[in-house]
Amino acid sequence: MSARNIFARPARIAAIAPYFWMALFFLVPFGFVLKISLSQTAIAQPPYVPVFDLTQGAAAIKAAYAALSLDNFRLLVSDDLYVLSYLRSLVVAVISTSILLVIGYPIAYGMARLPQRWQGVAMMLVIVPFWTSFLIRIYAWINVLQHDGLLNKILLALHLVSAPVVWLSTDSAMYLGIVYSYLPFMILPLYATLAKMDPALLEAASDLGSSPRQAFWLVTFPLSLPGVAAGVLLCFIPIVGEFVIPDLLAGSDSMMIGQTLWLEFFTNKDWPVASAVAVVLLLLLVAPLVLYDRLQRRQLEGVR
Amino acid sequence: MTGQAGIMTEDVAKAAAEADSAKPEPQAAAADIPLLRIEAVVKKFGGFRAVDGLSLDIRAGEFFALLGPSGCGKTTLLRMLAGFETPDEGRILLDGKDIARILPHQRPVNMMFQNYALFPHLTVRDNIAFGLKRAGMSRSKIDDRVAEMVALVKLEGLEKRKPDQISGGQKQRVALARSLARRPRVLLLDEPLAALDKKLRESTQLELMELQRRLGMTFIIVTHDQEEAMTVAGRIGVMDSGRLEQVAAPRELYEAPASRWIAEFVGEINMFEGQVESNEAHRLSISTRAAGTIVAAEPRQPVTKTNVCVAIRPEKIKLSRRGPVSDAVNAHAINRLEGVVTDVSYLGGVTSYKVKLDSGAVLRSSMANTTRLDIDAYSASQRVVAWFTPDDCVVLEQ
């Protein structure tokens, strides 16, 4: 008992620290955003009403509280601009994540089966692009994809096309940019689960009559599912909120929710609607996280 | 092998081979063609010859052990039998057909893996059924076979557990059931008991023997544990540097080792180098620097060189205060060596002594503690006579 007391205080402080961090850098800012989403836009500084002013006394705070409304959220549902943006974001995220999984899995699998000394090199090759700014890499893609860019020059030189192809400002360019940027986030968690898998399991599967293809689907793939889940979430969630890549590479005819949010905030200066968009986006993204958490918990309980 | 310690008759060494051939081995006599024939198999890893021109016949229904130090190639040989490695040279014949280049999943051979390699995402039942499903068995037949296997290895009630939810001993049983479920022509066991604690390992060895006898199947076990090999196997192949040094029944391996290396690898032994001085009536007189002249029985294979080793197991060396007294023993030429006890290790069933001979050489002797009282015990710095008969000696060429 005394041993427990010795460790109790520092241990408790250490346990509280992440909650404190969460409160300070997530919950408090989220509280501000939530409050603004319940306000109305105004030509003022700040550009919304009501404003809670603690110096004005209890009656003023009560009045400000009464002025809050859900009008902005009603707007999000009634105007299909927002609904369509959310849908497009989800569709883009689902398609991109699927492409990422299909490309990332074989790469991760290949890396995990390399001789030990080459695995580190392969890992470096995956990570090295991060040493260059993300924005610069996207601009580089613009350069490659533009009308007289590298891609069209090569295609023309090989006589694969007779005239330059329009790549920029298309969905293809956007998917290319997203897949290119997020690939490491898919590969690394997959590689981590595949690399620690006991090769004897595959030998056992083969010994018990599985062809290499059967062994993959019956043993390797099921055992890599935690890595698949991690990679999918790590890509899906930020892609839903992606702003830079669609803004620079995709056309302007349909917008992802990140672009809509940017538009409301900076062009329309409508902070309350932009905040409401952000709150709904957050709620949408929490859903898959909760699902993942529950799945993982069930798996742990199964083990116990 | 300290359990065999004590006073043994001099005929033991000679009788060793005959006694073992009389040991029941089901189906062994039935077939002249061996079930498994390994012919001049070579496996190279880079420039290293892991298995170096090895030939071996294994009969149907045999429990065969491959014994050797780590890196001797025994696991590589087993993996070639399973199909995980392909021999660079030579043939592996199963029922007369060369299987050396057949893929593992197409061989009628199954393996029990060292760390069991159970599928962590499948239940005990699904682990055992894994190979049966691949064989395209019907669902009802699979259910029957799984139930049979579960009963065979006494795992009733654990069918729905995952490998993480059962003990090490239970995992070992699941692995065994899984590898037996397809009724392989040959079951390969790669250090199957290495992960179990000593008590459990010993009881499992007996169960494994009992199982093998009941099923009449051919088992090949790889182990580095001599006692395990001797306990379970009818024949043992001792490997070193990719070659078989000796293939023999456990008793012959221990009492009549084929080479100095085998003698020193299997069990404890006292080794004296010397020269053959004379050979009279099947008694060799060998003069050694460390132990004077030793009279030893002539080995079955006549010695051709004069430089030899005399090897004597510690339990064959008896200690006494004055020398041997028994009349039966006196009738033979007795080797006596005098010295001082330097170390006494009481191990329960036996006591192990180190005796420093007057020549300076150290002799090991182990004596069974046949009585509770310590009337036979010797203490350190006590002067003793160590004695052994000519039949206790194994003469090996250097």
Legend entry - Hits in region B:81-111 - residues which are among the small types (Gly, Ala, Ser) and either at pLDDT 95 or above or surrounded by 14 or more Cβ atoms within 10 Å (Cβ to Cβ) (or both): B:Ala82, B:Gly83, B:Gly90, B:Ala100
Legend entry - Within region A:215-224, considering residues that are more than 7 Å from chain B (Cβ to nearest Cβ) and free of Cβ contacts under 8 Å to residues at least 12 places away in the same chain, the one nearest to the chain's Cα centre (by Cα): A:Phe221
Inset, instruction - Inspect all residues belonging to region A:30-46 and state whether any of them is over 24 Å from A:Thr260 (Cβ atoms) and not in a helix (DSSP H, G or I). - result: yes
Inset, instruction - Scan region A:20-31 and report the pairs whose first residue is at pLDDT 90 or above and whose second residue is not small (Gly, Ala, Ser), with Cβ atoms within less than 8 Å and a gap of 6+ or a chain change. - result: A:Phe30/A:Leu282
Legend entry - Output for region A:164-201, where each listed residue is within 14 Å of chain B (Cβ to nearest Cβ), within 16 Å of B:Ala117 (Cα to Cα) and surrounded by 19 or more Cβ atoms within 10 Å (Cβ to Cβ): A:Leu201
Inset, instruction - Pull up region A:202-214, narrow it to residues that are facing another protein chain (nearest Cβ under 8 Å) and aliphatic (A, V, I, L, M), then point me to the one that is farthest from the chain's Cα centre (by Cα). - result: A:Leu208
Inset, instruction - Determine which member of the set B:Phe265, B:Phe272, B:Phe219 is touching a strand residue (DSSP E or B) at 6+ places or on another chain (Cβ under 7 Å), aromatic (Phe, Trp, Tyr) and within 26 Å of B:Ala151 (Cβ to Cβ). - result: B:Phe219
Inset, instruction - Select from region A:225-272 the residues that are of a type in the set (S, T, N, Q) and touching a residue at least 40 places away in the same chain (Cβ under 8 Å) and write down the one among them that is surrounded by the most Cβ atoms within 10 Å (Cβ to Cβ). - result: A:Thr260
Inset, instruction - Please report, ordered by residue number, the helices (runs of 4 or more DSSP H) entirely within region B:107-198 with at least 3 residues that are aliphatic (A, V, I, L, M), within 13 Å of chain A (Cβ to nearest Cβ) and touching a residue at least 40 places away in the same chain (Cβ under 8 Å). - result: B:124-134, B:168-180
Inset, instruction - Starting from region A:68-88, take each residue that is in contact (Cβ under 8 Å) with a residue 12 or more places away in the chain and more than 14 Å from A:Asp270 (Cβ to Cβ) and list its partners that are part of a helix (DSSP H, G or I) and among the β-branched types (Val, Ile, Thr), counting only C-beta distances under 6 angstrom and pairs at least six apart or across chains. - result: A:Ser85/A:Ile257; A:Ser85/A:Thr260; A:Tyr86/A:Ile257
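Residue-wise test of (1) part of a strand (DSSP E or B); (2) within 25 Å of B:Glu338 (Cβ to Cβ); (3) at pLDDT below 85; (4) assigned by TED's automatic domain parsing to the domain that holds B:His224.
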position: B:Ile286; (1), (2), (3), (4): yes, yes, no, no
position: B:Ile294; (1), (2), (3), (4): yes, yes, no, no
position: B:Arg300; (1), (2), (3), (4): no, no, yes, no
position: B:Thr304; (1), (2), (3), (4): no, no, yes, no
position: B:Ala311; (1), (2), (3), (4): yes, yes, no, no
position: B:Leu319; (1), (2), (3), (4): yes, yes, no, no
position: B:Gly323; (1), (2), (3), (4): no, yes, yes, no
Legend entry - Residue within region A:218-231 that is closer than 22 Å to B:Asp190 by Cα and not small (Gly, Ala, Ser) present: yes
Legend entry - Tally, over region B:80-102, of residues that are out of contact with any Pro (no Cβ under 9 Å at 6 or more places or on another chain), within 13 Å of chain A (Cβ to nearest Cβ) and not in a loop (DSSP other than H, G, I, E, B): 1
Inset, instruction - Would you be able to say whether some residue in region A:270-283 is within 14 Å of chain B (Cβ to nearest Cβ) and of a type outside the set (A, V, I, L, M)? - result: no
Legend entry - Residues located in region B:203-228, provided they are of a type in the set (Ser, Thr, Tyr) and assigned to a strand (DSSP E or B): B:Thr218, B:Thr223
Legend entry - So A:Val83, is it under 26 Å from the mean Cα position of the chain (by Cα), at pLDDT 90 or above, among the hydrophobic types (A, V, I, L, M, F, W, C) and exposed (fewer than 12 other Cβ atoms within 10 Å of the Cβ): no
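The values are calculated or read from the model by the stated rules, or taken from the named source; none is laboratory data. Small disclaimer: the values here were computed from a predicted structure and weren't measured. In this analysis, Cβ positions are derived from the backbone assuming ideal geometry, glycine residues included, and neighbour counts consider all displayed protein chains.
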